[in-house]
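The values are calculated or read from the model by the stated rules, or taken from the named source; none is laboratory data. Note that the structure is a prediction, hence the values are computed from the model and not measured. As a convention, Cβ positions derive from the backbone with ideal geometry for all residues, glycine included, and neighbour counts pool all protein chains shown. Keep in mind that these areas ignore ligands, DNA and RNA; they rest on the heavy atoms of the full protein, side chains included. Shrake-Rupley method; radii C 1.70, N 1.55, O 1.52, S 1.80 Å.
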Amino acid sequence: MTKKYFVCAVALAWLSASLGAQQPKKPAGTYKAPRTAWGDPDFQGNYTNLYEAGTPLERPDQFAGKKLSDVTPEELKAFKKNIQETTIQRFETPFDAPSNWWQVAFRLDASAQAWMITDPEDGKVPAMTAEAQERVQAAQRARFASGRGAADSYEDRSLYDRCITRGFPSSGMPTIYGNSSRIVQGPGYVAIQYEMIHETRVIPIDREPRAHVGKALRLDMGDSRAHWDGDTLVVETTNFNTRSVYRNANPDTLKITERFTRVAPDKLRWSVTLEDPKTWTRPWTFSMPLTMRDAEPIQLYECHEVTYGLRNILSAARAEERDAAAATKP
């Protein structure tokens with residue numbers, strides 16, 4: 001039993017136990033967020049995006065020609081039920097956790113949308129620029145020319161395999177487990193901690209825009225600055241790290257703008273706009289709801305599986321090399 005499945009089981013079991021009566025909601029557009037002691041809209045709490053696990057970033061072909069608002073509740077329910085069932089089925093093997101662990105609580109009935117991209121309306125990531133395509137191809141050529149394999153060293157594995165980072169905005173996007181986050185506010189600051197890898201962003205909030213750090217400083221989660229636009233918290237992030245930048249964007253020119261709006265007692269709408277003229281032909285936006293679950297603190301993410309999994313990946317690669325060498329001997 002790995003730490004990964006243990007954390008998954010505990011977190012989702014708590015989620016299952018807490019599902020039930022929802023807090024009453026006001027009509028759309030009328031909700032007024034409560035205030036902190038210093039007067040800012042209060043977003044503090046523990047959140048989950050589990051209900052959007054499996055929701056594709058881009059519009060699926062089965063919804064071609066439709067907007068998000070065109071998808072009926074019946075279509076959405078059937079779509080997410082299929083995702084739920086196929087996801088669970090993929091882990092019904094002798095090498096995975098028992099069937100009564102996280103699977104029991106992996107329920108996507110409360111999903112709010114069939115895909116995440118809200119702009120452009122076709123629900124697709126805009127085309128990459130010619131410059132970006134060449135940049136990606138050059139990186140692939142360099143990797144191939146290096147002669148390195150997928151497991152020659154721990155450095156050949158992904159940053160996520162090594163429990164270093166999921167990068168941003170990936171850290172806020174749903175996956176099969178570890179989908180919780182925590183928001184803590186103070187006068188002039190907001191902190192967002194993600195369950196997966198426990199990365200935390202400490203973001204200053206100013207009345208007037210504060211300059212970002214110098215271009216020489218690059219961060220896996222970027223450098224963030226925030227301000228209030230009415231009851232919406234707007235966060236602008238730049239200064240990304242080449243090794244972890246999202247979707248092969250240019251870390252020098254990528255700007256991500258988030259908008260957090262509390263739309264109900266238990267709902268926070270998270271909208272993310274990506275702008276990089278050297279990577280995409282136009283800006284684009286994805287969005288999803290975050291559901292408050294204050295009874296469920298985020299779980300520990302100690303990543304013990306790396307202690308064994310990464311070692312086993314490397315040792316298995318060496319064993320394959322020895323077998324291949326032995327097979328070529330006369």
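Worth pointing out:
- Pairs with Cβ under 7 Å, 6+ apart, first in region 307-322 and within 17 Å of Ser158 (Cβ to Cβ) and part of a helix (DSSP H, G or I), second open to solvent by less than 50 Å² (accessible area, probe 1.4 Å) and of a type outside the set (S, T, N, Q): Ile313/Ala151; Leu314/Ala151; Ala317/Gly149; Ala317/Ala151
A quick yes/no check of all residues on (1) modelled with pLDDT of 95 or more; (2) open to solvent by 50 Å² or more (accessible area, probe 1.4 Å); (3) among the β-branched types (Val, Ile, Thr):
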{"residue": "Ser271", "(1), (2), (3)": "yes, no, no"}
{"residue": "Pro283", "(1), (2), (3)": "yes, yes, no"}
{"residue": "Tyr301", "(1), (2), (3)": "no, no, no"}
{"residue": "His304", "(1), (2), (3)": "no, yes, no"}
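- Answer from Tyr154, Tyr177 - the residue that is farther than 30 Å from Arg107 by Cα, in contact (Cβ under 8 Å) with a residue 24 or more places away in the chain and among the aromatic types (Phe, Trp, Tyr): Tyr154
- Members of region 282-330 that are charged (D, E, K, R), under 30 Å from Arg262 (Cβ atoms) and touching a Ser or Thr at 6+ places or on another chain (Cβ under 8 Å): Arg293, Glu296
- Out of Ala132, Ala139, Ala53, sole residue that is open to solvent by less than 30 Å² (accessible area, probe 1.4 Å) and at pLDDT below 95: Ala53
- Filtered residue count, region 69-90, keeping only those that are open to solvent by 50 Å² or more (accessible area, probe 1.4 Å) and under 19 Å from Pro174 (Cα atoms): 7
- Filter result (farther than 25 Å from Leu268 by Cβ and of a type in the set (Phe, Trp, Tyr)) within region 60-111: Phe63, Phe91, Phe95, Trp101
- The lone exception for Arg143 - which of (1) touching a Ser or Thr at 6+ places or on another chain (Cβ under 6 Å); (2) closer than 24 Å to Asn250 by Cα it fails: (1)
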